[in-house]
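Asks: Got a structure for you, questions after.
The values are calculated or read from the model by the stated rules, or taken from the named source; none is laboratory data. A quick note: this is a predicted structure, and the numbers were derived from the prediction, not measured. Positions of Cβ are generated from backbone atoms using ideal geometry, with glycine treated the same way; all protein chains shown enter the neighbour counts.
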Amino acid sequence: MKLSDKIVGLRKSNGMSQEDLAEKLDVSRQAISRWESGAAMPDANNILQLSKLFDVTTDYLLNDDYQSDNDLPKIKEVQNDNLGQIMIYLVTLEVMILLMQFMTMFILQNVFFAFLSFLPFVAAIGGFEYAYQKKVSSATEKTKNFRRKFYKISAWLGLYFPIRFIVSVAAGFYPRPYNTLVLEAIILVIYIAVATCVNLSIDKSYLPKE
């Protein structure tokens, strides 16, 4: 497979237009068009950028005998496995924090400690984002996909108690008596609606620009 065909395939499989790819590589759309038609070749620097952007090796891009990056030694397999393990550890930590919040709220019935138990959750997200930003210049599409999944899962795990706390405080100003089951139902509906909106917003932020 020729380099021109590989660039076309990688661009389309990542949902990018020629304008999107040109913007990411800081070149003109005409340059992308010439590369894809085979009229011109990207220089060494652009080859490296393409390799990082699409998470493939330069050997795959430059060698016509390779039909896919799977034909090469899986050099980055360990790196991707590490990313997956990090995400699993952080999500596990968030689940433990969520369980702690349930215990402090329903067993100990202490809102203050439930609020304090949310702080490690915030710290986990902050630590993840700090580590990501340190490596953002070398972030690949797979890395970004891990980040998107992490934040979508974190939205479901982390929003329940902040929403519960806000709704409970607001209910305290309600002039009439209210049923506990009704309050729980309201909290659940608001939680599902907010978490869904946050997830849709995260997905939208990762869509290719028009």
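Asks: Could you please find all residues in the range 34-53 being closer than 29 Å to residue 203 by Cβ and not hydrophobic (A, V, I, L, M, F, W, C)?
Replies: 36, 49, 51, 52
Asks: Follow-up. If residue 21 satisfies every condition in (1) over 18 Å from residue 144 (Cβ atoms); (2) modelled with pLDDT of 90 or more; (3) in contact with a helix residue (DSSP H, G or I) (Cβ under 7 Å, 6 or more places away or on another chain); (4) in a helix (DSSP H, G or I) but one, which is the exception?
Replies: Here residue 21 meets the rest and fails (1).
Asks: Test of understanding: among 102, 118, 128, 113, which residue is modelled with pLDDT of 65 or more, touching a Pro at 6+ places or on another chain (Cβ under 8 Å), closer than 29 Å to residue 157 by Cα and surrounded by 12 or more Cβ atoms within 10 Å (Cβ to Cβ)?
Replies: Being modelled with pLDDT of 65 or more, touching a Pro at 6+ places or on another chain (Cβ under 8 Å), closer than 29 Å to residue 157 by Cα and surrounded by 12 or more Cβ atoms within 10 Å (Cβ to Cβ) holds for just one of 102, 118, 128, 113, which is 118.
Asks: Could you please find all residues in the range 163-184 being surrounded by fewer than 16 Cβ atoms within 10 Å (Cβ to Cβ) and either under 25 Å from the mean Cα position of the chain (by Cα) or modelled with pLDDT of 90 or more (or both)?
Replies: None - no residue of the range 163-184 is surrounded by fewer than 16 Cβ atoms within 10 Å (Cβ to Cβ) and either under 25 Å from the mean Cα position of the chain (by Cα) or modelled with pLDDT of 90 or more (or both), so the list stays empty.
Asks: Looking only at the range 139-151, filter to residues that are crowded, with 16+ Cβ neighbours inside 10 Å and modelled with pLDDT of 80 or more; which one of those is farthest from residue 126 (Cα to Cα)?
Replies: 146
Asks: Does residue 16 satisfy the criteria of being under 23 Å from residue 142 (Cα atoms) and either modelled with pLDDT under 90 or in a loop (DSSP other than H, G, I, E, B) (or both)?
Replies: yes
Asks: Restricting attention to the range 36-51, does a residue exist that is closer than 20 Å to residue 145 by Cβ, under 29 Å from the mean Cα position of the chain (by Cα), in a helix (DSSP H, G or I) and at pLDDT below 90?
Replies: yes
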